[in-house]
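Values quoted throughout were computed directly from the atomic coordinates according to the rules given, and no laboratory measurement underlies them. Please read all numbers here as calculations on a predicted model, not as lab measurements. Here the Cβ positions follow ideal geometry from the backbone for every residue, glycine too, while neighbour counts run over all protein chains shown.
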Amino acid sequence: MIRITQLKLRPGEPEEMLAHSIRKLLHLKEQEEFSYEVLRRSIDARKKPDLFETYTVQVDLKKKQTEKRILHAGIRNVSAYAPVRYRYAETDGKASPSPKIFSDVPKEAVNNPERPLIIGTGPAGLFCGLLLARQGMRPILIERGQRAAQRSQSVLQFWDTGALNPESNVQFGEGGAGTFSDGKLNTGVKDPEGRIRFILETFVQAGAHPDILCDAKPHVGTDVLKKVIACLTDEICSRGGEVFFETRMDQMEQTSEGMWKVGCSQVLREAAGTGNREMLWFTTRHLVLAIGHSARDTFAMLHRSGICMKPKAFAVGVRIQHPQSLVDRALYGISGGNSLPAASYKLTHRLEGGRGVYSFCMCPGGYVVNASSEEGGLAVNGMSNHDRASNSANSAIVVTVSPEEIAAYENHTGDIPALIGMEFQRHLERAAFEAGNGAIPVQRFGDYARRFGDCAKIRLPDYEPKILGRWTLSPIRRIFPEFIASGIEEGILAWERQIEGFSSEDALLCAAESRTSSPVRILREADYQAPGHRNLYPCGEGAGYAGGITSAAVDGLKVAEQILKTCVRP
């Protein structure tokens, strides 16, 4: 095969015109047959408003002699291409047509130590479980939250009434925190072994739009992602795995034989809504901790159990919201539409002293959402559906914070506690909760920059905020230490040079964006196992080894591969 880069079409031109461009570039005669596949597609707006859609394609020529002639000709942007296929892309076992979830499993099956036990069904846990299931390992997955459909009902009720389910919310449940997000799949992870392509293809097989296979910035959208995630869970169960929802890991210990004994409390279905739980015990040789970045009670339990972890840097700040038309005009030079996708941005700025402020998890055509998971605390996130049609753009604007800076701010002396960052997040979320009396506190950037602390002086922007969950006008600068508050302001002002109107009076800030990444790293060695605790695998974003859906899924695959090297098939 050969690869061609920098093929260009005008926005709105049919993709079928690529075939004509390929034939012309390669000097192919009418009788010389070929097929092609789009590998990558992006918008080139460097000379806005003169825009192009830029394509990279792989071309399969029917005659190898023709391919050799073309490569020998040295045509610009044309090169040999050999696609990489993930070595575990093929499955070992057959799927059952009737997957069982929450099945009544005999105790001897639950306690079969050769069945890996995975804590969490975010991207890391799901893809770890999916690979193990496809290889006949019959994994067991534990998820404290609900299935996606039930979870959606709990989240909608919370946004409508403020009644939080601490065990099943935007952070906890099938698919993890990424389920209620933009569903972005782009990542900076290098992929010489084909894992990312495998992940994207798996999403498509489960119902995601095929465009994610070639878009430079692929996204699924919350509305589609909920269905996709459920399909992945069903496949795991159809291949002999099991998933226990509304089941929380509360205890763990390693036996003298090297096995892991794990105690999990499960909501009693016949007593739903009462808070009553029963204890389930699992014994396993391989225990995977894919717990997500918000499982604070689990972090505390692991720390008490002697699992090695350390604090790590993360970032906190606000969500900023603009009309999508403002972003489209700035980045395209014209308004959106005309087959153009809602424009997105990625911004960085270096503050004095070296600290960074940057945009994170930008959601074109999306919503700001209440993403809280603890009573008395308030965290926000961004979310969008597949069509990105809300006419509003939002992004986190966050300032990096190190454990050392938090310790200095809190006048802490001595060794820095492993969970200091987690408690700092809690501090900000409680301040945000108090500022809005339980609703999301919002404030125009103009009022924020003028340090208005009087609610009577704060007013709404001249457009309708797109926020899911109760919200209220409130001075939010006081939520943050001044080194964070001023960093947010400086970054927003600096980016006016790149996006006209970014620092406008009416840019709306929502607080607090505190869950950008895990505040801890659960240590592991080169074989992915925790030091001093064999067969314990910290995994994914919560353990500090990923930053987004795709990178977490990649980490889950790597952990599964390591287990497959050492396991005995059940």
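Amide H to amide H distances under 5 Å link Leu280 with Cys264, Ser265, Gln266, where only residues 5 or more positions off or on other chains count and H is placed in the peptide plane. Calculate the length of the line joining the C-alpha centroid of region 171-201 to that of region 447-525, in whole Å. Taking the Cα centre of region 447-525 as reference, the centre of region 171-201 is 27 Å away. Approximating the spin labels as points 7 Å out from Cα along Cα→Cβ, the Arg304-to-Tyr409 distance works out to 2.7 nm. The Cα center of region 295-350 and the Cα center of region 41-88 differ in position by 32 Å. Backbone geometry of region 400-413 corresponds, through the Karplus equation with coefficients 6.51, -1.76 and 1.60 at θ = phi - 60°, to 3J(HN,Hα) couplings of 5, 9, 9, x, 5, 5, 5, 4, 5, 4, 8, 6, 8, 10 Hz, x marking Gly and Pro. In percent, rounded to a whole number, the relative contact order of region 2-80 is 44, using alpha-carbon pairs under 8 Å and six or more apart.
Mind sorting Glu253, Glu374, Glu32 by how few other Cβ atoms lie within 10 Å of their own Cβ, fewest first?
Working: Glu253 11, Glu374 19, Glu32 14.
Listed from fewest to most nearby Cβ atoms, that is Glu253, Glu32, Glu374.
The H on the amide N of Tyr463, modeled in the peptide plane, is under 5 Å from the matching H of no residue at least 5 residues off or on a different chain.
If you rank Tyr358, Tyr345 by fewest surrounding Cβ atoms within 10 Å, what's the result? List each step's numbers first, then the result.
On the way: Tyr358 20, Tyr345 16.
So the ranking, lowest neighbour count to highest, is Tyr345, Tyr358.
Couplings for region 437-445, taken from phi via the Karplus curve 6.51 cos²θ - 1.76 cosθ + 1.60 with θ = phi - 60°, read 6, x, 9, 5, x, 10, 7, 5, 4 Hz in order; Gly and Pro are left as x.
Taking the Cβ-Cβ separation of Arg497 and Tyr81 as r and a Förster radius of 30 Å, what is the calculated FRET efficiency to the nearest 0.05? Numbers along the way, then the final one.
Working: r = 39 Å, r/R0 = 1.30.
With R0 = 30 Å, the Cβ-Cβ based efficiency is 0.15.
3J(HN,Hα) couplings calculated from phi for region 342-353 with the Karplus curve 6.51 cos²θ - 1.76 cosθ + 1.60 (θ = phi - 60°) are, in sequence order, 4, 5, 10, 9, 9, 10, 9, 8, 9, 7, 4, x Hz; Gly and Pro show x.
Taken over region 2-80, lysine pairs spaced eight or more positions apart, or on distinct chains, with alpha carbons under 27 Å apart number 18. Close amide H pairs (under 5 Å, H built 1.01 Å from N) link Met252 with Gly263, residues at least 5 positions away or on another chain. From most to least packed by mean Cβ count within 10 Å, the peptides 147-160, 117-130, 65-78 give 117-130, 147-160, 65-78.
Divide by every residue of the chain the summed helix terms, -39500 (n - 2.57) for each DSSP H run of at least 4, and state the resulting mean residue ellipticity at 222 nm, rounded to the nearest 500 deg cm²/dmol.
Numbers: 14 runs with 155 residues, N = 570.
After summing the helix terms and dividing by residue count, I get -8000 deg cm²/dmol.
Would you work out which of Asn169, Gly241, Gly120 lies farthest towards the positive end of the dipole of the chain? Charges go on Cβ: Lys and Arg +1, Asp and Glu -1. Selected residue: Gly241.
Debye-formula intensities of region 2-80, expressed as log10 I(q)/I(0) at q = 0.19, 0.20, 0.26 Å⁻¹, are -0.80, -0.87, -1.30 (one equal scatterer per alpha-carbon, no solvent).
Peptides 516-522, 326-332, 210-216 ranked from most to least packed give 516-522, 326-332, 210-216, packing being the mean of other C-beta atoms within 10 angstrom over each peptide's residues.
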